[in-house]
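Undergrad: Sharing a structure with you now.
The values are calculated or read from the model by the stated rules, or taken from the named source; none is laboratory data. For clarity, every value in this text was computed on a predicted model and none was experimentally measured. Using ideal geometry, Cβ is built from the backbone for each residue, glycine included, and neighbour counts are taken over all protein chains shown.
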Amino acid sequence: MAVPQKVIKNLEVGLDDFDHQVRKDNLEALNELVLNGDIAVNPEQENANLHCHSFFSYNGYGYSPTHLAWLGKKTGLKFTGVVDFDVLDGVEEFLDACAYLGIRGTAGMETRVFFPEFADVEINSPNEPGVCYHMGIGFTSSATLVSAQRILEDIRLRAAQRNCRILEKINQFLDPLVIDFERDILPLTPSGNATERHIVTKIADKALAEFNNPAQFWSSKLGMSIDIVEKEMVDIESFLNTIRKKLIKRGGIGYIQPNADTFPLIDEFYKFLSDCQAIPCAAWLDGTSPCEQEIEKLLGVLIEKGTAAINIIPDRNWNIKDPEEKALKLENLYKVVQVASGMDLPVLVGTEMNSYGQKIVDDLNVPELLPLKDEFIKGAYFIFGHTQMQKKWNLGYQSPWAQNNFKDRKSKNRFFTLCGQLNMPGEKTFVRSNEINPKMDPKQVLDCLQ
């Protein structure tokens, strides 16, 4: 007897419950249905989405790390990765779920840092000189050394304080609509890591609930005609972006111009990543900022600090309606991949999924991306290889073993890419793991993985 779709849907909804045990139980039930042939999953594709935000920061669909792993399994992704903003709360959950489902999972963290060497220049945060979106990739645990924990707590505290200041300014402007950070915002998150997007979502929901004519309220507050507001409100996600732009982004009533004290220094973040045995990873926007126009210079400084990879969101660099803008950004995309390859920086790609409507995965076979597909897949094998080597044997990219056995990034990258190709995903492994140890050289390790 076929399992009703309603049952499957309810199990999938339960993957986003704030109770981790509920998420785990529902995943096991779904996987049992897969094994019994009651749910069909797509065959594995040579594709990757290594940048998916979960509900531990903000996911546009409300997905938990467990749900993201399930989505990767159901879609047939060869590689999938969680990347949360300012927290590591979902690392073990995601990697465990991927192992359970038998898919290749990786975990990262994104944050904003201050980059003193480019203090007066726009990097990749529009109109915010010195502010740099940056990532750490290849985490295998949320548990950190005391020194790393202090930095992580500082990142979370700065973000919370900034959001409270933003909300205070917005409340004054939106009166009589008032949002309380602890009462209204924090319950939207499973671990208290609220973001600007949580604030915007709650503001929109509360306006709908409290006003008989919310369009009229927004018309008066946003300086837009009621007709335009009503049209925008039909597409709620588009309207949320309008609210965010009008209230929080640069020029908005709640905007706070960052400075050198707003975010941790980039060197502090690198110390945190080193303590966590994670890999510093540059974040590329679209090549139009002054810094990204001189990408060789920017990456050169980052490499000196320890950057060993680069992350790109392809969709915003080619899937553009305006032909001139598309041509410019696509040219920039090809250039940055070429430069990264020449500087021995693996390229990781994803869609973010921190806004409703963003893709589950890029189609790497479209004409615009097909010339780059091999580099993207090679980068996915690289970070999966590091993740497996670090998680299983503490022999990851940043380990003392790796520092002692590789003299350059090229040979180091080649090794971990091969590890990614040879390591099997899942809880079970065919590797003679008891033979792998820090006394072995890279060739001996690879021999064990054959």
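Undergrad: Can you tell me which residues in the stretch 419-436 are modelled with pLDDT of 90 or more and either polar (S, T, N, Q) or more than 24 Å from the chain's Cα centre (by Cα) (or both)?
TA: If the condition is that a residue be modelled with pLDDT of 90 or more and either polar (S, T, N, Q) or more than 24 Å from the chain's Cα centre (by Cα) (or both), then Gln421, Leu422 are the ones that fit.
Undergrad: Ok, one more. Identify all residues within the stretch 335-361 that are outside any loop (DSSP other than H, G, I, E, B) and on the phi > 0 side of the Ramachandran plot; write none if there are none.
TA: Result: Glu352, single match.
Undergrad: Continuing with the same structure: From the residues in the stretch 10-45 that are charged (D, E, K, R) and at pLDDT below 95, which one is nearest to Val349 (Cα to Cα)?
TA: The selected residue is Glu44.
Undergrad: Check the stretch 158-165 and report whether any residue there is more than 19 Å from the chain's Cα centre (by Cα) and without any contact (Cβ under 8 Å) to a residue 24 or more places away in the chain.
TA: Among the residues of the stretch 158-165, at least one is more than 19 Å from the chain's Cα centre (by Cα) and without any contact (Cβ under 8 Å) to a residue 24 or more places away in the chain, which makes the answer yes.
Undergrad: Quick check on the stretch 18-56: of everything there that is under 21 Å from Asn193 (Cα atoms) and without any contact (Cβ under 8 Å) to a residue 40 or more places away in the chain, which residue is surrounded by the most Cβ atoms within 10 Å (Cβ to Cβ)?
TA: Val22
Undergrad: Please indicate, with yes or no, whether at least one residue in the stretch 91-98 is more than 24 Å from Cys281 (Cα to Cα) and free of Cβ contacts under 8 Å to residues at least 12 places away in the same chain.
TA: no
Undergrad: In this structure, is Val301 in the same structural domain as Val131 (by TED's automatic domain parsing), crowded, with 20+ Cβ neighbours inside 10 Å and assigned to a helix (DSSP H, G or I)?
TA: It is false that Val301 is in the same structural domain as Val131 (by TED's automatic domain parsing), crowded, with 20+ Cβ neighbours inside 10 Å and assigned to a helix (DSSP H, G or I).
Undergrad: Please go through the stretch 243-279 and pick out each residue that is without any contact (Cβ under 8 Å) to a residue 60 or more places away in the chain and either farther than 17 Å from Ile166 by Cβ or of a type in the set (Gly, Ala, Ser) (or both).
TA: Within the stretch 243-279, Gly251, Gly252, Asp267, Tyr270 qualify.
Undergrad: Report yes if some residue within the stretch 97-108 is under 22 Å from Thr144 (Cα atoms) and among the basic types (Lys, Arg); otherwise report no.
TA: Taking the stretch 97-108 first, the residues under 22 Å from Thr144 (Cα atoms) are 97-99, 105-108.
Then keep just the ones that are among the basic types (Lys, Arg); that gives none.
Checked the stretch 97-108: no residue is under 22 Å from Thr144 (Cα atoms) and among the basic types (Lys, Arg).
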